[in-house]
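Participant: Let me give you the structure first, and then I'll get to my questions.
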Amino acid sequence: MQEKNKDISLFRSRIDRRNFVKWSSLATGTLLGPGVLVSCDNKSQEIIDPVREERIIRTGCPAHNCGGKCLLKVYVQNGIITRIETDDRQKDDISDPQLRACIRGRSYRKRQYHPDRLKYPLVRTGERGEGKFRKISWDTAYDIMYSKISGVIEKYGNSAIHVPYGTGSYTNTNGRWPAARLMNLLGGSLGFYNSYSWACINIATPTIFGTLETGNQRQDWMNSRYILMWGWNPAEMKDGTNSDYFIRKARENGARVVCIDPRMSPSAVALADEWIPVRPGTDVAFMSAMAWVIINEKLTDNEFINKCCSGFDKSNMPEGYENEESYRDYILGTMDGIPKTPEWAEKITAVPAATIRRIAIEYASTKPAILYQGYGMQRRAYGEQVVRAGATLAAMTGNIGIPGGWASGLANQAGGGPFWTVFPSRSNPVKGTIPVYLWTEAVLRGKELGPEHGLRGADKLDNNIKLIWSVASNILVNQHGNINRTIKILKDPDLLEFIIVQDNFMTPSAKYADLVLPVCTQFETWGIEDGWKYGEEVFITPKIVEPPFETKSDYRICADLAKRFGVYDKFTEGGRDEKDWVAWFVDEIYRKTRFPDMPPFRKFAAGNAGVYTKPVYEPKIALEEFTQNPRKYPLNTPSGKIEIFSIELFKAGQPDEIPPVAKYIREWDNPFDEKAEIFPLQAMGHHYNPRVHSTHDNNEWTMNAFPQRVFINPADASERGIKDGDLVKIWNERGAMILKCRITRRIMPGVIDIPQGAWYDPDEEGVDRGGNVNILTSERWTPFARGNAQHTIMVDIEKA
Amino acid sequence: MKRYGFHIDTVNCSGCKTCQVACQDKNDLEPGLIWRKVIDIEGGKWHDDGGVFSEYPFAYHISMACNHCSDPLCVQSCPTQAMHVTDIGTVDIDQDKCIGCGYCTWACPYDAPRLNHRSGRMSKCDLCYDKIINNENPSCVDACPMRALDFGDIDVLREKYGDTRTIFPLASPELTEPNIIIRPHKDSLKASGRNSLIANREEL
């Protein structure tokens, strides 16, 4: 007990430069107890003037899948981070703007030195989820891991092991990739494809374009005259460092910017000339009515359609499909008898017909124009449709393959863009892969899953998942749909025989583990970070301070475990540590591919620049070659053209849920039918400024700035006698939570917003007090991408 | 005397509070103690036209710390002369003289001085004195991802950005002569006490 208190005194929330001398004595190890890995250098006590001993290190901001990558300037005194600043390069122009960190990066000390950091390996002593653990040694932890992993391989086979999706750490040496590599050396594990972020857009984009590379480099936004930010909120969720700043610059360059979102987001306020609220889940109705106006006003780019597209109208249908419903047929109601007029859409979307008409004309006649699709609206029941509908508008107006235009779709950066991961996980000997959102299905009934459930690479699976090894992930509980269902599955030892979690904190997922391993932060080991979806830069993240207590990097844990399995040399490629790998990434990957002019690792690291950037003076335009010469450079689609009518989707044979042309499909939870009488409000869970998904939920600086609240429109609140700041109960058939409310005009009536990522914190009755929206979301997946539909939620709310 | 001041661009401010946290980090402020804050203003109304919304509200953000006023009421109201104007024209608190009575907070129309519960004394933005005497910007300015804050000699800033010193709901500048220039968000022109309010009081 005494030892525990000492730990807390070391990792209390405040590190004060003025208390520096006191700190330096703590860091000498005199108060730390055995086994602590922090500096034992007695000389540090001699330091009197902390300023003199200040080190400044430039590094990539700890990467937690925020969608950006920024530069930090970290001040260190005697092994402790005392201040964090950001990019201070003199030049800050559009070709190579400063990579300024956001609130999350700037507040990192409150995470880094949080008293709740995991410190020792822990083994479960209570029930799963109860949060009772006992401290064990690393030796014992590795013994357990070895025996459980080899036991499951022996009893069931490798496909019974799963290293789940997880994006809590993205520096290659910290994160899930080392564990995936080790498993692949041991015979593999059940793999997955797709993500929780982009399931539908990732699968739907290639059905239109045959590629995911549909985004121009962002400097090209300066060439645009009209930008529709559709459900896109870069000021808050980033989607590329500086995307918000680029929009500012495009606007100053003359572009008109319109934001369409149920919420008056920070982007709607600061980046847009106009905001239009739209009812969640009805964007395709809005887009379809825009198409109706564009067709009727004869604003289509017929030359582009004839040259580059397939399936727009009767004359444009692919060979053999001439009698099927074209996009024009759908819009005009030729076959279903419903013309998709602005008046039709008005009742669905809550947007006035006149507004729809005006936006359609503005978009189609102010060329070049961008329709940028956010990702929230594709994490919905029929998320595939909104991706295809947006891209269809871009196609019918000829805004593709030109400067200032935008193809829509996933929009990976033209010319290749960043590498997502460079750590070589090696190939997985287990061939079957599941859609990522179906992992609970694979626990319950993996052997029954087949291609009809999206299983790839195999006709069936040999096993249900029996062992989960979760690294830098909070999807086990916190981030997956329908928490009450998930925890029931996790609690059953007959289903999952063993659960291992590696993390920085005792997350809601870690509480369900049998074995919890303490991982150091990204400031405490070497790593490398690429830009994100956008950007021409790569960061190295040096080890800035020592890993405290008994924490280790994910890579080190896997390397130690590799020893037990006798594959250490193979795993480490002859003994590489984290820094050796980073050197290898720079010298053998980046210098040989993306950045030939980047200095060699040794020189680059010594220079303390933190980031290597390549200015963009002539932004690349996606699909340019194709649009200029579609015969010579056909797309990788069945027709070789932009498939407004998708042959692949036609062949799926489920026209009601997977139509070959983009259609508005009423969601299974919606505000229109009888169920809405019981649960009348739509809920959404937007990506919130103070967190990256569930990371930083325990950061006092960010969470004091933006506390977790349910945001309610004044009309919905007053109807229920709810006042600003009241505790309210929010519930549906899946679960309930009690949370403080904020009454705000910035959310449309009929919709509430519970920002996603808050840590699940149930009371004795199982009512969540942490504000986790997934207590209300569904595990149900989308029809084609088998993606998560976690924003399709109906609820009711009352004063608690 | 030369005066330093801020340009606050409410057109481009997204309310992200990176400035607020950069300030907390630079000055080692306890959670709950903020020297720079971001005010969220909401105004206007929803008009429900039979399930169709024909009128929408508006919002904008104002990032604000101490305005280092030329006629600082906090200095006048301080009973111990702890609050004073420094040699470079900024307003600062002599921690040896401060008794934490909070009169400065009552006097300040911008709610800038805050009680530091740990020291029992008042505290506030010192304009990053240590940085500006080295010709660096205050931390908040260089933190802004939208480049919506600027800093410098107020006369130079006025030439560059004009002389708007207030928008709703800030106090009349005649009260304290704040050294700020505001670039008004388009919707701030519509805002008034009758149709608008501060929506995030609990965060301030």
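Participant: Once each part is reduced to its C-alpha centroid, what is the distance from segment A:710-772 to segment A:95-140 in angstrom?
Facilitator: 27 Å
Participant: Please give, to one decimal in nm, the separation of the simple spin-label points placed at residue B:175 and residue A:130, each 7 Å out from Cα toward the Cβ.
Facilitator: 5.8 nm
Participant: Roughly how tilted is helix A:353-365, in degrees to the nearest 10 and between 0 and 90, from the longest Cα axis of chain A?
Facilitator: The helix A:353-365 is inclined about 80 degrees to chain A.
Participant: Right, something else. Tell me, what is a quarter of the convex hull surface for the C-alpha atoms of segment A:457-584, in nm² with one decimal? Mind dumping the intermediate values first?
Facilitator: Numbers: hull surface 44.6 nm².
With the hull built on Cα positions only, its mean projection is 11.1 nm².
Participant: How far, in nm, would the chain grow between residue A:597 and residue A:715 when pulled straight, counting 0.36 nm per residue and subtracting the alpha carbon separation?
Facilitator: Numbers: separation 118, 0.36 × 118 = 42.48 nm, distance 5.86 nm.
The residue A:597-residue A:715 span can extend by a further 36.6 nm.
Participant: List the aspartates and glutamates whose alpha-carbon lies under 19 Å from that of residue B:97, not counting same-chain residues fewer than 8 positions away?
Facilitator: Straight-line reach from residue B:97, under 19 Å: B:87, B:126.
Participant: Using a Cα-Cα cut-off of under 12 Å, which aspartates and glutamates could be cross-linked to residue A:614, ignoring same-chain neighbours fewer than 8 residues away?
Facilitator: Output for residue A:614: A:96, A:536, A:537, A:597.
Participant: Can you report the principal axis dimensions of segment A:67-161 using only the alpha carbons, biggest first, rounded to whole angstrom?
Facilitator: Principal extents (largest minus smallest coordinate, Cα): 60, 33, 26 Å.
Participant: Within the P(r) computed for chain B, what percentage of the Cα pairs occupies the region above 30 Å? Present the calculation step by step, with values, prior to reporting the outcome.
Facilitator: Numbers: 4374 of 20706 pairs.
Of the Cα pairs, 21 percent sit more than 30 Å apart.
Participant: Other chains near A:239-252: what is the mean number of their Cβ atoms within 10 Å of each residue's Cβ? Kindly include the intermediate steps, with their values, before the conclusion.
Facilitator: Numbers: counts 0, 0, 1, 3, 1, 5, 6, 0, 2, 7, 1, 0, 2, 2.
Partner-chain Cβ atoms within 10 Å, mean over residues of A:239-252: 2.
Participant: Then there is this: Could you state the accessible area per residue of chain B in Å², with a 1.4 Å probe and every protein chain left in place? Before the final figure, lay out the partial values.
Facilitator: On the way: 8210 Å² over 204 residues.
On a per-residue basis, 40 Å².
Participant: Now, a different point. With everything on Cα atoms, drop me the angle between helix A:199-209 and the longest principal axis of chain A, reported from 0 to 90° to the nearest 10.
Facilitator: Helix A:199-209 sits roughly 50 degrees off the main axis of chain A.
Participant: What FRET efficiency would be calculated for the residue pair residue B:134, residue A:274, taking the C-beta separation as r and a Förster radius of 35 Å, to the nearest 0.05? Please report the intermediate quantities before stating the final value.
Facilitator: Details: r = 43 Å, r/R0 = 1.23.
Taking R0 as 35 Å, the efficiency between residue B:134 and residue A:274 is 0.20.
Participant: Based on the Cα coordinates of segment B:53-131, what is the per residue volume of their convex hull in Å³? Present the calculation step by step, with values, prior to reporting the outcome.
Facilitator: Details: hull volume 11.9 nm³, N = 79.
Looking at segment B:53-131, the number lands at 151 Å³ per residue.
Participant: On the protein heavy atoms, probe 1.4 angstrom, tell me the percent of accessible surface of chain A carried by carbon and sulfur.
Facilitator: Values: 12930 of 26910 Å².
Answer for chain A is 48 percent, counting heavy atoms of protein chains only.
Participant: Something else: Would you mind telling me the share, in percent, of accessible area of segment B:115-200 contributed by carbon and sulfur at probe 1.4 angstrom?
Facilitator: On the way: 1990 of 4070 Å².
On segment B:115-200, the fraction of accessible area on carbon and sulfur atoms equals 49 percent.
Participant: Another one. Compute the whole-percent fraction of alpha carbon pairs in the protein assembly as shown spaced more than 46 Å apart. Don't skip to the answer; put the middle values down first.
Facilitator: Values: 142931 of 503506 pairs.
Every Cα pair in the protein assembly as shown considered, those over 46 Å come to 28 percent.
Participant: Subtracting the Cα-Cα distance from 0.36 nm times the residue separation, let me have the gained length for residue A:303 to residue A:485 in nm, one decimal.
Facilitator: Working: separation 182, 0.36 × 182 = 65.52 nm, distance 5.23 nm.
Roughly 60.3 nm would be gained on extension.
Participant: Say the dipole of the protein assembly as shown comes from +1 at the beta carbon of Lys and Arg and -1 at that of Asp and Glu; which of A:621, A:138, A:334 then lies farthest toward its positive end?
Facilitator: Farthest towards the positive pole: A:138.
Participant: Cβ neighbours within 10 Å, averaged per peptide: list B:56-66, B:96-106, A:282-292 in order, most packed at the top.
Facilitator: Details: B:56-66: 23.5, B:96-106: 15.8, A:282-292: 27.6.
Sorting B:56-66, B:96-106, A:282-292 by mean packing, highest first, produces A:282-292, B:56-66, B:96-106.
Participant: Which pairs, out of A:238/A:466; A:110/A:132; A:347/A:488; A:347/A:620; A:340/A:729; A:135/A:466, put more than 32 Å between their alpha-carbon atoms?
Facilitator: Details: A:238/A:466 37 Å; A:110/A:132 25 Å; A:347/A:488 40 Å; A:347/A:620 41 Å; A:340/A:729 38 Å; A:135/A:466 24 Å.
Where the Cα-Cα span goes over 32 Å, the pairs concerned are A:238/A:466; A:347/A:488; A:347/A:620; A:340/A:729.
Participant: Same structure again: Between residue A:569 and residue A:727, how many nm apart are label points set 7 Å from Cα along the C-beta direction?
Facilitator: 6.2 nm
Participant: Not counting ligands, DNA or RNA, and with a 1.4 Å probe, what is residue B:129's accessible surface area in Å² rounded to the nearest 10?
Facilitator: 60 Å²
Participant: Continuing with this model, one more query. Taking a probe of 1.4 Å and counting only protein heavy atoms, give the total accessible area buried between chains B and A in Å², rounded to the nearest 100. Before the final figure, lay out each step's value.
Facilitator: Values: alone 10600 and 29100 Å², together 35120 Å².
It comes to approximately 4600 Å² buried between B and A.
Participant: Starting from the Cα-Cα distance between residue A:138 and residue A:444, subtract it from 0.36 nm times their residue separation and give me the gain in nm to one decimal. Provide the component values of the computation, followed by the final result.
Facilitator: Numbers: separation 306, 0.36 × 306 = 110.16 nm, distance 3.15 nm.
Result for the pair: 107.0 nm of gain on full extension.
Participant: Could you let me know the centre-to-centre spacing of segment A:459-499 and segment A:567-582, using Cα atoms, in angstrom?
Facilitator: 30 Å
Participant: Which of A:249/A:632; A:491/A:799; A:69/A:632; A:69/A:91 have a Cα-Cα distance over 27 Å?
Facilitator: Numbers: A:249/A:632 36 Å; A:491/A:799 32 Å; A:69/A:632 37 Å; A:69/A:91 18 Å.
Long pairs (Cα-Cα over 27 Å): A:249/A:632; A:491/A:799; A:69/A:632.
Participant: Another one. Which distance in Å, rounded to a whole number, links the C-alpha centroids of segment A:318-396 and segment A:229-255?
Facilitator: Measuring centre to centre over Cα atoms gives 23 Å.
Participant: Describe numerically, in nm with one decimal, the distance between label points set 7 Å from Cα along Cα→Cβ at residue A:587 and at residue A:319.
Facilitator: Going from the residue A:587 label point to the residue A:319 one covers 5.5 nm.
Participant: Now for a different question. Search the structure for amide H atoms under 5 Å from the amide H of residue B:151, placed 1.01 Å from N in the peptide plane, and list their residues when 5 or more places away or on another chain.
Facilitator: Under 5 Å from the amide H of residue B:151: B:7.
Participant: Please give the FRET efficiency for residue A:614 paired with residue A:56, using the beta carbon to beta carbon distance and R0 = 35 Å, rounded to the nearest 0.05.
Facilitator: Numbers: r = 24 Å, r/R0 = 0.69.
So, using R0 = 35 Å, E works out to roughly 0.90.
Participant: Taking every alpha carbon pair in segment A:241-312, what does the distance histogram look like in 5 angstrom bins from 0, in percent?
Facilitator: Calculated over all Cα pairs of segment A:241-312, the distribution is 4, 13, 16, 16, 16, 18, 14, 4 percent.
Participant: With N set to the residue count of segment A:333-423, report its C-alpha Rg divided by 2.2 N^0.38 Å to two decimal places.
Facilitator: Values: Rg = 16.0 Å, N = 91, 2.2 N^0.38 = 12.2 Å.
Output field value: 1.31.
Participant: How long are the semi-axes of the equivalent ellipsoid of segment A:111-173, defined as square roots of 5 times the Cα gyration tensor eigenvalues? Whole Å, largest first.
Facilitator: Numbers: eigenvalues 120, 70, 33 Å².
Output for segment A:111-173: semi-axes of 24, 19, 13 Å.
Participant: Can you give the angle from 0 to 90° between the axis of helix A:283-296 and the longest principal axis of chain A, with both taken from C-alpha atoms, to the nearest 10?
Facilitator: The angle comes out near 30 degrees.
The values are calculated or read from the model by the stated rules, or taken from the named source; none is laboratory data. What you see is a predicted model, and the numbers here were worked out from it, not measured in a lab. Cβ atoms come from the backbone with ideal geometry, glycine included; neighbour counts cover every protein chain shown. For accessibility, only protein heavy atoms count, side chains too; no ligands or nucleic acids. Shrake-Rupley method; radii C 1.70, N 1.55, O 1.52, S 1.80 Å.
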